[in-house]
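The values are calculated or read from the model by the stated rules, or taken from the named source; none is laboratory data. Source: prediction; values computed, not measured. Don't worry about glycine lacking a Cβ; one is built from the backbone with ideal geometry, like all the others, and counts go over all protein chains shown. Surface areas here come from the heavy atoms of the whole protein model, side chains and all, with no ligands, DNA or RNA. Shrake-Rupley method; radii C 1.70, N 1.55, O 1.52, S 1.80 Å.
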Number of protein chains: 2
Amino acid sequence: MLIVQKFGGTSVGDLSRIQNVANRVAETKKAGHDVVVVVSAMSGETNKLVGYAEHFSSNPSRAEMDMLLSSGERVTASLLSIALNEMGFASVAMSGRKAGIVTDSIHTKARIEEINPDAMNSAIKEGKIIVVAGFQGVNENGDVTTLGRGGSDLSAVAIAGAIKADLCEIYTDVSGIYTTDPRIEPKAKKLDIISYDEMLELASLGAKVLQNRSVELAKKLNVNLVTRTSFSNEEGTLITKEENIMEKPLVSGIALDKDQARISLMGVADRPGIASEIFNKLAKAEVNIDMIIQNKGHDDTTNIDFTVPKGDLHDAKTVVHAFIKSGEIKDDSYNEKICKVSVVGVGMKSHAGVAAKAFSAMAAENININMISTSEIKVSMIIDEKYAELAVRSLHNAYELDK
Amino acid sequence: MLIVQKFGGTSVGDLSRIQNVANRVAETKKAGHDVVVVVSAMSGETNKLVGYAEHFSSNPSRAEMDMLLSSGERVTASLLSIALNEMGFASVAMSGRKAGIVTDSIHTKARIEEINPDAMNSAIKEGKIIVVAGFQGVNENGDVTTLGRGGSDLSAVAIAGAIKADLCEIYTDVSGIYTTDPRIEPKAKKLDIISYDEMLELASLGAKVLQNRSVELAKKLNVNLVTRTSFSNEEGTLITKEENIMEKPLVSGIALDKDQARISLMGVADRPGIASEIFNKLAKAEVNIDMIIQNKGHDDTTNIDFTVPKGDLHDAKTVVHAFIKSGEIKDDSYNEKICKVSVVGVGMKSHAGVAAKAFSAMAAENININMISTSEIKVSMIIDEKYAELAVRSLHNAYELDK
């Protein structure tokens, strides 16, 4: 097999951990596989460099930031390659440029545009282990760019797609994707396999092992993604396309998102286009809207309820207050003490009654459901924040996820 | 003027020193000059990275070492450019690659083959200050290379040549070139101007401010080199071609080299080619020969005396012992307690009696001269090591260098 292995900052956090990574990569090579390794900077390094830059400027020039920050990954890549060569495994370190990673020119937040895998393919043909500095590429002018948060994961997935790797393993300090947060429900079980779409729902709802950008890219490039830990040999979780999943579970996991605030608009003027006007203004203010409920009030007006991330609440209020001033909204109220629990599973597509079971579980605990939204593969409920953990445990139990 | 300013590791040793460098560069720009800055890694950084590599291997792969070590200069270049931009001076950081520095492929000891100054020239035309990461380039495959010890000086000189700079200033913690080592002769004076050839003689003989590679390159590219300190505004020493020096001093400086050992070969077989054979074998063993004296012994044999750096003595002995075993040399003796004092000056070319004055000065102090070698611009003498400092002071005084 051709395997891409990506090791994050904690996994390469010091010299002995880099040696551990070298040992693991060597084991994979000895087992007969070709390996391309993608590494992050040693943990703490990027923050140190950011601190240096902030010493000189509160708003450092972005092209310079990219040249600065990209050095951390180069150090790790060189060291790991040195370790592998010393162990007798022919290895070559590559910068993002050498690996052929071409991005757009949005410094510090670049997007990968294409990968020219020629250099990697010929090194693989020579039997070499490749160690790529993650998080970086070059734009069309040849200037170094970086990919922003989670950038090394993106490098790994994009490389796996470009060289048609059989597997892209993302090593972190977490052993995989769980049916829910084990800190809330100790009976949570690690999932062996999960579809891209389920992972996207779980990620956006709180399971922070992988950023959605990486999962989306894996889905687009059809890359088999595995998240696992670098601190043991425990098997991880395979994230793959739905067709590859033989036995589709009804429900794969329960996600919890506490970063939610509810905004209620009462007495919205009943004229065509008013809702679109409100949400356009909110979008312009870069407020992210999640759920929306609209219902007729007693008079000619309408009530609109929606949820936003807590951090967007201030901007949302500014927009709403303008409408109140102009008289098109009568009154508003805000509630930050809410949360969203979600039941996620591809099996829902073909099974009725999944949502009903969730509602029953909430009812059995006397938890009031404020808002509901559903998609093909998930049921989300807004409830009082104080019931968050209880709701997660009840749902986990109701769908027998500990079995 | 178009000025290249190179700052070494001590000058950029911490964040406040980098800010000082930014202030100095800004002053130069404000004075109406165009500036290209070349920086080393922050002092200690390169050693730290070498230490990391040695953790994994006693003989780390060299291409990886280059990728590893080149990161230090990239960090300094980015930070300095961030500082300059923050101060309102448009600035761009460039890696060796971006600056167009192309080298051969001898990793960790690459030689600059050519510089493509297009990117630098257009940034200069835009009025930008350029900050180049020193010590590095790329080979024809686009792999990062480093230039070895003193590499950032070489970068600066080569860049100055390529962009036809009026001046290349090398900033260190020393304020310039002195008539002799001020720790030996407190009356030593800083030289305002000195020729490339004199500097080459003084450098190889002990004045360690600039490596000979840099001076040779400056001579070849006709770059006006200035060494000065970054810790004050004191003027430094201009190193330039002899034709630019109006008043040629008889003697510019007195150099001392304690890293000398004398090898005496007694009773060398008197057959044609024997000397060539001995010195070829020594060259093959990479023993550097400095002075050589050959004279007839009492019988048919010859005595040969020569000097080598102390570090080469062991290898030299091995070669000599093989000739003794084969009977072609009768006896050998070694003396490590010697040193070489040299009087250097372009004025010697046109003045007689310079050497005689040196011999008189030695005689006046009862210092015995063991060996003598002369060139157009220098007189070197091997003497007993214990007289080293006395000899330097006497010569300094004899040529009135404190005046």
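Got a number for residues in segment B:2-11 being surrounded by 17 or more Cβ atoms within 10 Å (Cβ to Cβ) and either modelled with pLDDT of 95 or more or not assigned by TED's automatic domain parsing to the domain that holds residue B:164 (or both)?
Residues meeting the conditions: 5.
Step by step: first the residues of segment A:94-104, then only those that are among the charged types (D, E, K, R) and farther than 15 Å from residue A:39 by Cβ, then the one that is surrounded by the most Cβ atoms within 10 Å (Cβ to Cβ). Which residue is that? Working first, answer last.
Narrowing segment A:94-104 to residues among the charged types (D, E, K, R): A:97-98, A:104.
Subsequent filtering for residues that are farther than 15 Å from residue A:39 by Cβ retains A:97, A:104.
Details: A:97: 23, A:104: 14.
Filtering segment A:94-104 for residues that are among the charged types (D, E, K, R) and farther than 15 Å from residue A:39 by Cβ, the one surrounded by the most Cβ atoms within 10 Å (Cβ to Cβ) comes out as A:97.
Taking segment B:188-210 as the region of interest, how many residues are open to solvent by 20 Å² or more (accessible area, probe 1.4 Å), touching a Leu at 6+ places or on another chain (Cβ under 8 Å) and not in a strand (DSSP E or B)? Show your work before the answer.
First, the residues of segment B:188-210 that are open to solvent by 20 Å² or more (accessible area, probe 1.4 Å): B:189-193, B:197, B:200-201, B:204, B:206-209.
Filter once more, keeping what is touching a Leu at 6+ places or on another chain (Cβ under 8 Å): B:189, B:192-193, B:206.
Then keep just the ones that are not in a strand (DSSP E or B); that gives B:189, B:192, B:206.
Of the residues in segment B:188-210, 3 are open to solvent by 20 Å² or more (accessible area, probe 1.4 Å), touching a Leu at 6+ places or on another chain (Cβ under 8 Å) and not in a strand (DSSP E or B).
What are the pairs, 6+ residues apart or on separate chains, where a residue within segment B:8-28 that is without any contact (Cβ under 8 Å) to a residue 40 or more places away in the chain has its Cβ under 6 Å from a residue that is open to solvent by less than 40 Å² (accessible area, probe 1.4 Å) and among the charged types (D, E, K, R)?
From residues that are without any contact (Cβ under 8 Å) to a residue 40 or more places away in the chain, there are no pairs.
Would you confirm whether any residue within segment A:252-275 is assigned to a loop (DSSP other than H, G, I, E, B), open to solvent by less than 40 Å² (accessible area, probe 1.4 Å) and modelled with pLDDT of 90 or more?
Filtering segment A:252-275 down to residues assigned to a loop (DSSP other than H, G, I, E, B) leaves A:252, A:269-273.
Subset that is open to solvent by less than 40 Å² (accessible area, probe 1.4 Å): A:252, A:269.
Subsequent filtering for residues that are modelled with pLDDT of 90 or more retains A:252.
Within segment A:252-275, one or more residues are assigned to a loop (DSSP other than H, G, I, E, B), open to solvent by less than 40 Å² (accessible area, probe 1.4 Å) and modelled with pLDDT of 90 or more.
Restricting the search to segment A:285-296, which residues are in contact (Cβ under 8 Å) with a residue 24 or more places away in the chain and open to solvent by 20 Å² or more (accessible area, probe 1.4 Å)?
Taking segment A:285-296 first, the residues in contact (Cβ under 8 Å) with a residue 24 or more places away in the chain are A:285-288, A:290-291, A:293.
Of everything in segment A:285-296, those that are in contact (Cβ under 8 Å) with a residue 24 or more places away in the chain and open to solvent by 20 Å² or more (accessible area, probe 1.4 Å) turn out to be A:285, A:286, A:288, A:290, A:293.
Please find, among B:98, B:190, the residue that is within 13 Å of chain A (Cβ to nearest Cβ) and of a type in the set (Lys, Arg). Give the derivation first.
Numbers: B:190 fails: within 13 Å of chain A (Cβ to nearest Cβ).
Just a single option satisfies the conditions, and that option is B:98.
Taking the stated definitions as given, is residue A:179 more than 14 Å from chain B (Cβ to nearest Cβ), open to solvent by less than 10 Å² (accessible area, probe 1.4 Å) and at pLDDT below 95? Reasoning before the result, please.
Details: more than 14 Å from chain B (Cβ to nearest Cβ): yes; open to solvent by less than 10 Å² (accessible area, probe 1.4 Å): yes; at pLDDT below 95: yes.
Here the answer is yes, as residue A:179 does meet what is asked.
Which residues, taken from segment A:225-237, are touching a helix residue (DSSP H, G or I) at 6+ places or on another chain (Cβ under 8 Å) and either modelled with pLDDT of 90 or more or farther than 17 Å from residue A:9 by Cα (or both)?
Matches in segment A:225-237: A:225 only.
Just checking, does segment B:110-122 include any residue being touching a Lys or Arg at 6+ places or on another chain (Cβ under 7 Å) and of a type outside the set (A, V, I, L, M)? Outline the logic, then answer.
Kept after step one, since they are touching a Lys or Arg at 6+ places or on another chain (Cβ under 7 Å), are these residues of segment B:110-122: B:119.
Subsequent filtering for residues that are of a type outside the set (A, V, I, L, M) retains none.
Within segment B:110-122, not a single residue is touching a Lys or Arg at 6+ places or on another chain (Cβ under 7 Å) and of a type outside the set (A, V, I, L, M).
For (1) part of a helix (DSSP H, G or I); (2) open to solvent by 10 Å² or more (accessible area, probe 1.4 Å); (3) not acidic (Asp, Glu), each residue gets a yes or a no:
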position: B:70; (1), (2), (3): yes, no, yes
position: B:75; (1), (2), (3): yes, yes, yes
position: B:79; (1), (2), (3): yes, no, yes
position: B:92; (1), (2), (3): no, yes, yes
position: B:119; (1), (2), (3): yes, yes, yes
position: B:124; (1), (2), (3): yes, yes, yes
position: B:130; (1), (2), (3): no, no, yes
position: B:159; (1), (2), (3): yes, no, yes
position: B:165; (1), (2), (3): no, yes, yes
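Only one of (1) within 14 Å of chain A (Cβ to nearest Cβ); (2) open to solvent by less than 10 Å² (accessible area, probe 1.4 Å); (3) not aromatic (Phe, Trp, Tyr) is not met by residue B:107, so which one is it?
For residue B:107, the failing item is (2).
Any idea how many residues of segment A:11-25 are outside any helix (DSSP H, G or I), of a type outside the set (Gly, Ala, Ser) and over 22 Å from residue A:90 (Cβ atoms)?
The initial filter retains those residues of segment A:11-25 that are outside any helix (DSSP H, G or I), namely A:11-14.
From the residues that got through so far, the ones that are of a type outside the set (Gly, Ala, Ser) too are A:12, A:14.
Okay, now just the ones that are also over 22 Å from residue A:90 (Cβ atoms), so A:14.
Qualifying residue count for the region: 1.
Which residue is nearest to the other protein chains (Cβ to nearest Cβ), if the candidates are limited to segment B:42-58 and must be part of a loop (DSSP other than H, G, I, E, B) and of a type in the set (Gly, Ala, Ser)?
Going through segment B:42-58, the residues part of a loop (DSSP other than H, G, I, E, B) turn out to be B:42-44, B:57-58.
Within this subset, residues satisfying the condition of being of a type in the set (Gly, Ala, Ser) are B:43-44, B:57-58.
On the way: B:43: 15, B:44: 14, B:57: 4, B:58: 8 Å.
It comes out as B:57.
How about segment A:17-39: which of its residues are open to solvent by 10 Å² or more (accessible area, probe 1.4 Å) and more than 15 Å from residue A:75 (Cα to Cα)?
Filtering segment A:17-39 down to residues open to solvent by 10 Å² or more (accessible area, probe 1.4 Å) leaves A:17, A:19-20, A:23-24, A:27-34.
The answer is A:20, A:23, A:24, A:27, A:28, A:29, A:30, A:31, A:32, A:33, A:34.
Pull out all pairs, ordered by first then second residue, where Cβ-Cβ is under 7 Å, the residues are six or more apart or on different chains, the first lies in segment A:41-67 and is outside the structural domain of residue A:96 (by TED's automatic domain parsing) and open to solvent by 60 Å² or more (accessible area, probe 1.4 Å), and the second is modelled with pLDDT under 95 and assigned to a helix (DSSP H, G or I).
Here the result reads none, with nothing in segment A:41-67 linked to a residue that is modelled with pLDDT under 95 and assigned to a helix (DSSP H, G or I).
Going by the conditions given, is residue B:99 more than 30 Å from residue B:398 (Cβ to Cβ) and within 21 Å of the chain's Cα centre (by Cα)? Lay out the reasoning, then the answer.
Values: more than 30 Å from residue B:398 (Cβ to Cβ): yes; within 21 Å of the chain's Cα centre (by Cα): no.
Judged against the criteria, residue B:99 is not a match.
Residues are listed down the side, and each one gets a yes or a no for (1) open to solvent by 50 Å² or more (accessible area, probe 1.4 Å); (2) within 24 Å of residue B:38 (Cα to Cα); (3) touching a helix residue (DSSP H, G or I) at 6+ places or on another chain (Cβ under 9 Å):
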{"site": "B:169", "(1), (2), (3)": "no, yes, yes"}
{"site": "B:213", "(1), (2), (3)": "yes, yes, yes"}
{"site": "B:223", "(1), (2), (3)": "no, yes, yes"}
{"site": "B:242", "(1), (2), (3)": "no, no, yes"}
